[in-house]
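Structure first, then comments.
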Amino acid sequence: MDRFSLLFQRPYLVKIQKGVLDAPPEGQVLVKTVFSSISAGTEMLIYCNLLEQGTLLDATIPSLSRRFSYPCTYGYSCVGTVVRVGKKVPSRWLGKRVFAFHPHESHFIVSPADLIPLPLGMPWKDALFLPNMETAVSLMMDGAPKRGERIVVFGQGVIGLLLTGLLSQKRGITLITVDKYQLRRNMSLLLGADFTQQTIGDDPCATLCFEVSGDPEALNSAIHATGFGGRIIVGSWYGTKRTTLDLGTHFHRNRLHLQSSQVSTMDPHVSAQWTKQRRLAFALKMVQNLRPSRLITHVYSFRNAADAYVLLDTHPENAVQVILDYRGKHGDV
């Protein structure tokens, strides 16, 4: 069987590579991909050569547990159908609709333990948001918002918008979002933000800020927007992008708390009550509640994937979530 994989050949160049896939071995299954989603964060760091060579892509996802170098495959959100099963795999897996943390490929072989069966009736396109929803839930757990807080979310990309949707369900808070793109600010209001702005001044109005813009300069804005004793949760991965942080008088005298947040691990303060499995199950429930497929702005056939990356690189103001469609012969290649 032919397999088609998206390969980051070098900076600003992706190609579809053809390979041969054998039948699944004992204990493994073959998944045919229906859709995958592009991460405008980490994937664009790779596409634009903003990730340090040798960086471990992910310590917890088997298909990404390797060091970054060109050429490479990447991606962590695929949905599809199990079309073949190996020996000793229960037949109930055949035909099952599943989610996988896997790079962009038309077909792939994986252990059933690395698949998440989709709830009955969940649309394919909603299920694609599970990784980003888990990240948004993780940010919520790290920030631990309280009633009466004034919260500012910097960045209304997919993770920022999902975080806004989760925060809007908290009663008794004031929720402000900041993004330079009008399209994202409009979506932010639809997801429950009280106010949305293109920029924010230096008035320390917030008790809690989330920085998920991917822009290191936004971290200075978050610092200046946070009042006495406030918390700043940094969910962005900046790669090789650098900035000079203003840790002067305002930061020093106001006892600000600056904390990184990363979904691969659990904060020790919550790990006694939560496991990663429980958090993932909760994220899946939140996907069902929020129906995030409305954040999809562009769908490209897999064979035209290169055009999707050009769009995200050159006109990010026009896109929120971009996905790839594999339907058709050989993944539309």
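The values are calculated or read from the model by the stated rules, or taken from the named source; none is laboratory data. Remember, predicted model here, so these are calculated numbers, not experimental data. Using ideal geometry, Cβ is built from the backbone for each residue, glycine included, and neighbour counts are taken over all protein chains shown.
Could you identify the single residue in Met133, Met122, Met141 that is modelled with pLDDT of 95 or more and in a loop (DSSP other than H, G, I, E, B)?
After applying the criteria, what remains is Met122.
Does Ser37 count as under 20 Å from Val158 (Cβ atoms) and of a type in the set (Gly, Ala, Ser)?
yes
Out of everything in the stretch 208-218 that is touching a residue at least 60 places away in the same chain (Cβ under 8 Å) and not small (Gly, Ala, Ser), what residue ends up being farthest from Gly160 (Cα to Cα)?
The qualifying residue farthest from Gly160 (Cα to Cα) is Leu208.
Can you tell which of Arg147, Arg92 is surrounded by fewer than 21 Cβ atoms within 10 Å (Cβ to Cβ) and in a helix (DSSP H, G or I)? Please lay out each step first, then the result.
Numbers: Arg147 fails: in a helix (DSSP H, G or I).
Going through Arg147, Arg92 in turn, the sole match is Arg92.
Restricting to the stretch 162-188, give me the number of residues that are without any contact (Cβ under 8 Å) to a residue 40 or more places away in the chain and exposed (fewer than 15 other Cβ atoms within 10 Å of the Cβ).
4
Residues are listed down the side, and each one gets a yes or a no for (1) under 17 Å from the mean Cα position of the chain (by Cα); (2) surrounded by fewer than 21 Cβ atoms within 10 Å (Cβ to Cβ):
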| residue | (1), (2) |
| --- | --- |
| Ala23 | no, yes |
| Thr33 | no, no |
| Ser39 | yes, no |
| Leu57 | yes, yes |
| Arg66 | no, yes |
| Val83 | no, yes |
| His102 | yes, no |
| Glu105 | no, no |
| Pro112 | no, yes |
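Kindly indicate the residue of the stretch 150-191 that is part of a loop (DSSP other than H, G, I, E, B) and basic (Lys, Arg) and also farthest from Ala40 (Cα to Cα) among those meeting that condition.
Arg171
Within the stretch 218-261, track down each residue that is over 26 Å from the mean Cα position of the chain (by Cα) and either within 19 Å of Lys146 (Cα to Cα) or surrounded by 12 or more Cβ atoms within 10 Å (Cβ to Cβ) (or both).
Residues satisfying the conditions are His224, Gly227, Phe228, Gly229, Asp246, Leu247, His250, Phe251, Asn254, Arg255, Leu256.
Conditions (1) within 13 Å of Leu284 (Cα to Cα); (2) among the β-branched types (Val, Ile, Thr), marked per residue:
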site	(1), (2)
Ile116	yes, yes
Ala136	yes, no
Ile151	no, yes
Phe154	no, no
Val158	no, yes
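If I filter the stretch 61-95 down to residues being more than 19 Å from Ser36 (Cβ to Cβ) and in contact with a Lys or Arg (Cβ under 8 Å, 6 or more places away or on another chain), which single residue comes out as modelled with the lowest pLDDT?
Tyr70
So, Ile109, is that one out of contact with any helix residue (DSSP H, G or I) (no Cβ under 8 Å at 6 or more places or on another chain) and either modelled with pLDDT under 95 or assigned by TED's automatic domain parsing to the domain that holds Leu56 (or both) or not? Please lay out each step first, then the result.
Working: out of contact with any helix residue (DSSP H, G or I) (no Cβ under 8 Å at 6 or more places or on another chain): yes; either modelled with pLDDT under 95 or assigned by TED's automatic domain parsing to the domain that holds Leu56 (or both): yes.
Spelling it out, Ile109 is indeed out of contact with any helix residue (DSSP H, G or I) (no Cβ under 8 Å at 6 or more places or on another chain) and either modelled with pLDDT under 95 or assigned by TED's automatic domain parsing to the domain that holds Leu56 (or both).
Can you name every one of the strands (runs of 3 or more DSSP E) wholly within the stretch 1-67 that holds 2 or more residues which are in contact (Cβ under 8 Å) with a residue 40 or more places away in the chain and of a type in the set (Phe, Trp, Tyr)? Please lay out each step first, then the result.
Working: elements: 2-10, 13-20, 29-38.
In the stretch 1-67, the matching strands (runs of 3 or more DSSP E) lie at 2-10.
Which residues, counting only those in the stretch 190-200, are under 16 Å from Leu162 (Cβ atoms), surrounded by 15 or more Cβ atoms within 10 Å (Cβ to Cβ) and among the aliphatic types (A, V, I, L, M)?
Answer for the stretch 190-200, where residues must be under 16 Å from Leu162 (Cβ atoms), surrounded by 15 or more Cβ atoms within 10 Å (Cβ to Cβ) and among the aliphatic types (A, V, I, L, M): Leu191, Ala193.
Restricting attention to the stretch 68-113, report how many residues are among the hydrophobic types (A, V, I, L, M, F, W, C) and free of Cβ contacts under 8 Å to residues at least 12 places away in the same chain.
So the count comes out to 1.
Specify the residue that is farthest from the chain's Cα centre (by Cα); the eligible residues are those in the stretch 271-311 that are hydroxyl-bearing (Ser, Thr, Tyr) and closer than 21 Å to Leu45 by Cα.
It comes out as Tyr300.
Please state which one of Val299, Val234 is under 30 Å from Gln17 (Cβ atoms) and of a type in the set (A, V, I, L, M, F, W, C). Working first, answer last.
On the way: Val234 fails: under 30 Å from Gln17 (Cβ atoms).
One residue alone meets the criteria, Val299.
Considering each residue of the stretch 266-289, count those that are assigned to a loop (DSSP other than H, G, I, E, B) and surrounded by 13 or more Cβ atoms within 10 Å (Cβ to Cβ), and give that number. Reasoning before the result, please.
Of the residues in the stretch 266-289, the ones assigned to a loop (DSSP other than H, G, I, E, B) are 266-275.
With the extra rule that they be surrounded by 13 or more Cβ atoms within 10 Å (Cβ to Cβ), the set shrinks to 266-267, 270, 274.
Residues flagged as assigned to a loop (DSSP other than H, G, I, E, B) and surrounded by 13 or more Cβ atoms within 10 Å (Cβ to Cβ) within the stretch 266-289 amount to 4.
The conditions are (1) closer than 18 Å to Pro292 by Cα; (2) touching a Phe, Trp or Tyr at 6+ places or on another chain (Cβ under 7 Å), and Ala218 fails exactly one of them. Which is it?
(1)
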